[in-house]
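What follows is a short report on a single structure.
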Amino acid sequence: MTQEYINKNKNRFLNELFEFIKIPSVSADIKFKDDVLKAANFLENNLIKIGADNVQIFPTDGHPIVYAEKIIDYNLPTVLVYGHYDVQPADPYELWDSDPFGPVVKKTKIHPEGAVFARGACDDKGQMFMHLKAFEAMYNSDELFCNVKFMFEGEEEVGSSNLEKFVRSNVELLKADVVLVSDTGIINNTTPSICVGLRGLSYVEVEVTGPNRDLHSGLYGGAVANPINVLSKMIASLHNENGTINIPDFYKDVVEVSNLDRKEMAKAPFNLSEYMLDLSIDNVHGEDGFTTNERNSIRPTLDVNGIWGGYIGQGAKTVLPSKSHAKISMRLVPNQNSKKITELFENHFKKIAPEYVKVKVTPHHGGEGVVIPTDFPAYLAAKNAMETTFGKTPIPVRSGGSIPIVPMFEEVLGLKTILLGFGLDSDVIHSPNEHFGLFNFFKGIETIPHFYKNYANLML
Ligand code: BES
Ligand code: MN
Ligand code: MN
């Protein structure tokens, strides 16, 4: 029995996850290139050990893609499991209470059974590893009811540019019936949910140049434009008083969600005072006319992610800097096109630049949003699986995050994706002290086999 196998091997599963997490596979930083490869090799070895076939590491122009499969019967449906073994940089290190690559289990209020603290524990090593262990349990218990293909990439956190090339040139290899991904979350451990929407992303970097060199802020200040002052003003002008974004045509392709759907969404449990308390804020802020959960899921946004320039060392240095910079992300909703939005931004930003500065806009990676239907077999299989393991019907929820490969799978492979994630918002992915609950890790391993079984039954 799959469940018995899981119960017997829990400790080993966790120890293996620790070994996986210890490898600092930071994709953004070239310093960690060998470690990213090490993480790919770890997966390769583990996939071989658990009985997967055709295990391969495909090199790319960046970090490698790990592929494996188990084809048990051509008449059965095939599940393509995707995950990413790369992680976000751990910086700033000093804000971690423990070594980001030295996983430890600690109890928290939200995770009384304990949670694994480490970079990647939740996003996405812990979550993708659930799939290997669920497969191991099903296969060793003679209860694997679907064919499986695994595809794991090492570049999700830096835009998946090589995965797209790989998928486009391996359509036959990746032939499947549905994509299964655990890289999102649930509302809380007693309120299961399934992510049915992701936002798109347009990410740009801007540079404002004033004078050709740094100047004495006394001798020149007041007479020559300060690029930091100018950039601040330009950024401030990007939002209107009512919280909407002040770029012409920005909302042109936005599909308004119907009042009925908004009403349905509002049924998901949410406590605004707890939300504010958790963040130590006295009020929330956003687009007028929308609730907090609408603002962070069905509405597009524009945010400065970083801003710098001038003197930021100790003490005071009087300087009028030559340049200022900012990194700006725009979260998009389905039907907005990330390339088009990037272009709108670039044109607008150049247009509002006063003649006393020069402006450069550099686009970074982006991607499209997606909405996943709730009335096709794979969704029902996921819903029933969670119903079995949580004892409650999962709520469909649209998330504010982005996974740009999901719409790409649909475009290139014609496949829909099921986002069967088990993380919590409070697991602080991308931040110091990221963690993943033991409850969530094992609940995932337990739920996945039910998905396979339900899906096989529904597709017969
Ligand atoms: N797993 C996250 C996205 C996510 C998390 C979606 C939680 C929904 C719920 C993913 O690894 C991620 O961080 N994506 C990036 C975009 C990517 C292009 C770098 C993001 O959303 O910022
Ligand atoms: Mn992720
Ligand atoms: Mn991430």
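Numbers for the structure displayed
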| quantity | calculated |
| --- | --- |
| Charge context of residue 323, other residues only, Cβ under 13 angstrom, K/R +1, D/E -1 | 0 |
| Solvent-accessible area per residue for the chain (1.4 angstrom probe, square angstrom) | 46 Å² |
| Charge context of residue 220, other residues only, Cβ under 11 angstrom, K/R +1, D/E -1 | 0 |
| Kirkwood Rh, Cα atoms: Rg over Rh of the stretch 345-414 | 1.27 |
| Cβ crowding within 10 Å averaged over residues, with 39-47, 343-351 ranked highest first | 39-47, 343-351 |
| 13 Å cut-off, amide nitrogen to a point 7 angstrom out along residue 457 Cα→Cβ, residues in the stretch 372-414 | 380-389 |
| Whole-Hz couplings from phi, Karplus 6.51/-1.76/1.60, listed for the stretch 191-205; x for Gly and Pro | 10, x, 8, 10, 6, 10, x, 9, 8, x, 8, 10, 10, 10, 10 |
| Local net charge near residue 242, Cβ-Cβ under 10 Å (Lys/Arg +1, Asp/Glu -1) | -3 |
| All-pairs alpha carbon distance profile, the stretch 309-380, 10 Å steps from 0, percent | 14, 30, 24, 17, 9, 5, 1 |
| Estimated distance in nm for a label pair at residue 410 and residue 140, the labels positioned 7 Å out from Cα along Cα-to-Cβ | 3.8 nm |
| Rough spin-label spacing in nm, given labels placed 7 Å along Cα→Cβ, for residue 312 and residue 252 | 3.5 nm |
| Percentage relative contact order, the chain, counting C-alpha pairs under 8 Å, at least six apart | 25 percent |
| Cα-Cα P(r), the stretch 129-192, percent of pairs per 5 Å interval | 3, 12, 18, 20, 19, 16, 8, 3, 0 |
| Sulfur and carbon atoms: percent of accessible area, the chain [1.4 Å] | 51 percent |
| Distant alpha-carbon pairs in the stretch 139-284 (separation over 18 angstrom), percent | 81 percent |
| Approximate spin-label separation residue 94-residue 74, in nm, with each point projected 7 Å along Cα-to-Cβ | 6.3 nm |
| Mean Kyte hydropathy of -0.5 or more with a Cα span along the axis of at least 30 Å, helices from DSSP in the chain | 438-459 |
| Ranked by how many other beta carbons lie within 10 Å on average, peptides 167-176, 225-234 from highest | 225-234, 167-176 |
| Residues of type lysines that residue 106 reaches as a straight line, Cα spacing below 28 Å, ignoring anything fewer than 8 places off in the same chain | 8, 10, 22, 38, 125, 133, 392, 443 |
| Unit charges at the beta carbon, dipole of the chain: most positive-side option, 126, 436, 354 | 354 |
| q = 0.10, 0.17, 0.19 Å⁻¹: log10 I(q)/I(0) that the Debye formula gives for the stretch 1-89, counting C-alpha atoms only | -0.32, -0.85, -1.00 |
| The chain, helix-only ellipticity at 222 nm - DSSP H runs n ≥ 4, -39,500 (n - 2.57), divided by all residues, nearest 500 | -10000 deg cm²/dmol |
| FRET E, pair residue 233, residue 48, Förster distance 56 Å, beta-carbon r, rounded to 0.05 | 0.45 |
| Aspartates and glutamates whose Cα lies under 14 Å from that of residue 360, excluding same-chain neighbours fewer than 8 positions away | 205, 207, 343, 346 |
| Rh by Kirkwood over Cα pairs, then Stokes-Einstein D for the chain at 0.890 mPa s and 25 °C, µm²/s | 104 µm²/s |
| Whole-Hz ³J(HN,Hα) from phi, Karplus 6.51 cos²θ - 1.76 cosθ + 1.60, for the stretch 285-291, glycine and proline x | 8, x, 5, 4, x, 10, 6 |
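The values are calculated or read from the model by the stated rules, or taken from the named source; none is laboratory data. Here the structure is a predicted model, which means the values were calculated and not measured. Here the Cβ is made from the backbone with ideal geometry for all residues, glycine too, and neighbour counts use every protein chain on show. Remember, those area values only see protein heavy atoms, side chains included, never the ligands or the DNA or RNA. Shrake-Rupley method; radii C 1.70, N 1.55, O 1.52, S 1.80 Å.
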